[in-house]
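Asks: This is the structure I have questions about; it appears just below.
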Amino acid sequence: MREAELRGLLDRHLSFPSSVLWAQSHVMAGLGQRTVNEALSAGVPCKQVWRSAWAELELPDADL
């Protein structure tokens, strides 16, 4: 997964620009107490970031 795909999925589920705010402000335990943006900057793979966001947002299995 590329970052553009990750951002697109967040946009689809949270709507732009809410997805941008969520990615920069919502801290997730699954990402080591980091936000999406912080995790990506630290080199966490996009797929791992998406899985954490998916779990945090309680999305259906079809969206994993």
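Each value in this text was obtained by applying a stated rule to the coordinates, not by laboratory testing. Keep in mind that what you see is a predicted model, and the values were worked out from it rather than measured. Cβ coordinates were reconstructed from backbone atoms using ideal geometry, including for glycine residues, and neighbour counts include every protein chain displayed.
Asks: Of all residues in region 1-50, how many are of a type in the set (Ser, Thr, Tyr) and either under 17 Å from Leu64 (Cβ atoms) or part of a loop (DSSP other than H, G, I, E, B) (or both)?
Replies: Here the count works out to 2.
Asks: Where residues in region 14-32 are surrounded by 12 or more Cβ atoms within 10 Å (Cβ to Cβ) and of a type in the set (Gly, Ala, Ser), which of them is nearest to Asp63 (Cα to Cα)?
Replies: Of everything passing the filter in region 14-32, Ser19 is nearest to Asp63 (Cα to Cα).
Asks: If I go through region 1-48 residue by residue, how many of them are touching a Gly at 6+ places or on another chain (Cβ under 9 Å) and aliphatic (A, V, I, L, M)?
Replies: Qualifying residue count for the region: 3.
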